[in-house]
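Participant: Got a structure here, written out as structure tokens. Questions coming.
The values are calculated or read from the model by the stated rules, or taken from the named source; none is laboratory data. Computed from a predicted structure; not experimentally measured. Backbone-built Cβ (ideal geometry, glycine too); neighbour counts: all protein chains shown. Note: areas computed on protein heavy atoms with side chains; ligands, DNA, RNA excluded. Shrake-Rupley method; radii C 1.70, N 1.55, O 1.52, S 1.80 Å.
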Amino acid sequence: MSHVKMGSGPQNMLPAVPGRKKVYTCQACGTDQNMGRRKYCSRACRQKLLWRLEVAANLLRAMHTRYASFSFTRDTLMLHVVASGAPHVYSYLWKRTPGKKPVDDLGDLVEQLGRLWWKEHDKLRSRHQASKSVLEQARTSMVKPGQIRPQDASHPVVSQRHLSVLKLKKSEVIGPDPQKALRSAYRKQVMAHHPDHKGDAALFRKVHAAYEEMKEWLENPVVRSQRGLPDKWSYDGRKWAPPRNAPIPQKTG
């Protein structure tokens, strides 16, 4: 398999740059043009990735994969696999093709691995030996199996509109003393917008309404749970879960 980089390992994945501004990129093609806070640049791009991942899932099921993850940088595509009964992670590192989207590179990688699996299966009539042949094309990774296993994570869902009206940061709401932070923000906005201080009556009403809503939220916070891995697509033996954060392609080497 000439296109799979043997022995390169996960060290090609660059660490996040401290203080770097968050860049939202398409989880399918990696573009950051006109993304805003979206996860995909278009519905068609999303559908193409989901189809590619389902094709990959068919191969992973044939190989009795326990867990897997998929991610990419500007130069490299990474597929990490935890096979059933194996104590370590197998890593496939695919050199990105200039001008090609990562979703298409993923298709090329899976097609090549799939052809090998079927070739060995037809020759030996053994699913186990076919899977073994595919795993032999990978590199035994230093990544721990627990790092590939999808995890459940919860995060609070707070109204950005209420925070904006109260000039309140989300970090303050989920901080050690959110009630104090809320009261302090409310008092500041009341002093700035109270009609008795020549403030805007309509805006004052919005401030009061936002305060009441946030008080109620603090008593019964809304929390959203998501299963997956940060910046990687993850597979749990049945289906893929999207990244908890959009991947930021970085130049390797």
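Participant: Being within 30 Å of GLY30 (Cα to Cα) and either touching a Ser or Thr at 6+ places or on another chain (Cβ under 8 Å) or open to solvent by 10 Å² or more (accessible area, probe 1.4 Å) (or both) is the filter here, so list the residues in the range 111-133 that pass it.
Facilitator: GLU111, GLN112, GLY114, ARG115, LEU116, TRP117
Participant: Same structure again: Please go through (1) within 30 Å of ARG52 (Cβ to Cβ); (2) touching a strand residue (DSSP E or B) at 6+ places or on another chain (Cβ under 6 Å); (3) not basic (Lys, Arg) for LEU124 and return the number of the only condition it doesn't satisfy.
Facilitator: Going through the list (1) within 30 Å of ARG52 (Cβ to Cβ); (2) touching a strand residue (DSSP E or B) at 6+ places or on another chain (Cβ under 6 Å); (3) not basic (Lys, Arg), LEU124 breaks only (2).
Participant: State which residue pairs qualify: first residue touching a residue at least 60 places away in the same chain (Cβ under 8 Å) and closer than 16 Å to ALA56 by Cα and inside the range 105-132, second residue assigned to a helix (DSSP H, G or I) and among the charged types (D, E, K, R) in any location, beta carbons under 6 Å apart, and separation of 6 or more residues or different chains.
Facilitator: If the second residue must be assigned to a helix (DSSP H, G or I) and among the charged types (D, E, K, R), the pairs left are ALA130/GLU120.
Participant: Do you know which residues across the range 141-169 are closer than 16 Å to LYS215 by Cβ and at pLDDT 85 or above?
Facilitator: Listed by number, the residues that qualify are VAL158, SER159, ARG161, HIS162, LEU163, VAL165, LEU166, LEU168.
Participant: Could I ask something else about it? In the set ASP196, ASP231, ASP200, which member is at pLDDT below 90, under 30 Å from ASN58 (Cα atoms) and open to solvent by 60 Å² or more (accessible area, probe 1.4 Å)?
Facilitator: Residue meeting the stated conditions: ASP231.
Participant: Separate question: Within the range 239-249, identify whether any single residue is outside any loop (DSSP other than H, G, I, E, B), of a type in the set (Val, Ile, Thr) and more than 27 Å from ARG66 (Cβ to Cβ), and answer yes or no.
Facilitator: Taking every residue of the range 239-249 in turn, none turns out to be outside any loop (DSSP other than H, G, I, E, B), of a type in the set (Val, Ile, Thr) and more than 27 Å from ARG66 (Cβ to Cβ).
Participant: Report whether or not GLY107 is small (Gly, Ala, Ser), under 25 Å from the mean Cα position of the chain (by Cα), assigned to a helix (DSSP H, G or I) and closer than 25 Å to CYS29 by Cα.
Facilitator: yes
Participant: When you go through ARG224, ARG205 one by one, which is the residue that is more than 30 Å from LEU59 (Cα to Cα), of a type in the set (Lys, Arg), in contact (Cβ under 8 Å) with a residue 24 or more places away in the chain and exposed (fewer than 13 other Cβ atoms within 10 Å of the Cβ)?
Facilitator: Every option except ARG224 fails the conditions.
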